[in-house]
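Please treat every number below as a calculation from the coordinates, not as lab data. What you see is a predicted model, and the numbers here were worked out from it, not measured in a lab. Quick reminder, even Gly has a Cβ in these numbers, built from the backbone with ideal geometry, and neighbours come from all protein chains shown.
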Amino acid sequence: MRPLLLAAAVAAIALPAFAQPVSLRVALKGPAGEDLGSAILADAPTGVLLTLDVKGLTPGWHGLHFHEKGDCSSADFKSSGGHVHGAGERVHGLLNPALNEAGDLNNIYVAADGTGHAELFSPWTALTDNDARMNLLDADGSALVIHEKPDDYLTQPIGGAGARVACGVISTK
Ligand SMILES: [Cu+2]
Ligand SMILES: [Zn+2]
C-alpha cells in the first residue's frame with residue numbers, strides 16, 4: 001500500500017497548479033437541425049458548470065435536463081433516452097426528497113425575442129470519471145435536452161415538461 005500512496009502523492013504534486021478544467025461546447029439543435037444556440041460545460045471541483053445561450057425558442061420557462069445518451073438523431077429527441085440517473089429506482093424532481101436523477105437541472109427563462117441566457121450548476125455530474133458523480137462523457141455520451149414547458153420539479157417522470165424541443169450531444173467523439 002505504501003509505495004502506491006507515495007506514487008499518488010507524487011502524481012498530485014506533479015500536476016500544474018492551475019490545470020485547465022475539462023470543458024466543452026455543446027451545440028443545441030432543433031428537430032430539423034436548426035441552430036438553437038449552445039451551452040458551455042465545464043468540469044468543476046464539485047460538479048458541472050453550464051453556461052447557456054439559447055435562441056429560437058418559445059418565450060417563457062423551459063425544463064432542461066441531462067439525458068442519458070449522446071444521440072439527438074430522432075426528430076422527437078427520444079433517442080437521447082431518459083434522464084441521467086444513478087443505480088436503483090428512477091425518481092425525478094429537484095423538489096422530490098427521493099430524487100435519483102443526476103441529470104435534473106433548473107428551468108431556464110426565454111425572453112420575448114426567443115433568446116435565453118443562464119448559468120447553472122449541476123452537483124451530481126462530472127466530465128471525467130468520478131466516484132461520487134455521474135460522468136456525462138461515459139461510453140455513449142449524454143445529451144442536453146430542452147423541453148417545451150417548465151419542469152415542476154415533482155411530477156413523474158419529467159416534471160410535466162412536455163415535448164423535447166432542443167437537443168445537444170455531449171461527447172468528445
Ligand atoms: Cu428532459
Ligand atoms: Zn429527472
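Observations, loosely collected:
- In the stretch 22-170, Cα pairs under 8 Å separated by at least six residues give a relative contact order of 30 percent.
- Under the shape rule built on the C-alpha gyration tensor, where the axes satisfy a ≥ b ≥ c, the stretch 22-170 is rounded, since a/c falls short of 1.5.
- Rounded, prolate or oblate (a/c below 1.5 giving rounded, otherwise prolate when a/b exceeds b/c) for the stretch 65-151 by Cα gyration tensor: prolate
- Report summary: the helix-based calculation at 222 nm, which adds -39500 (n - 2.57) for every DSSP H run with n ≥ 4 and divides by the residues of the chain, gives -2500 deg cm²/dmol.
- Modelled this way, with points 7 Å down the Cα-to-C-beta line, the labels at Leu154 and Asp138 are 3.0 nm from one another.
- Each DSSP beta bridge with both residues in the chain is either parallel or antiparallel, and the antiparallel ones are about 95%.
- Within the stretch 124-165: backbone nitrogen closer than 20 Å to the Tyr109 label point (7 Å, Cα to C-beta): 146-154, 161
- With Cα atoms, 0 to 90° folded angle of helix 2-14 axis to the chain main axis: 60 degrees
- 17 Å Cα-Cα reach of Lys69 towards lysines, excluding residues that sit fewer than 8 places from it in its own chain: Lys29, Lys78, Lys173
- The stretch 148-168 and the stretch 61-134 have Cα centres lying 10 Å from one another.
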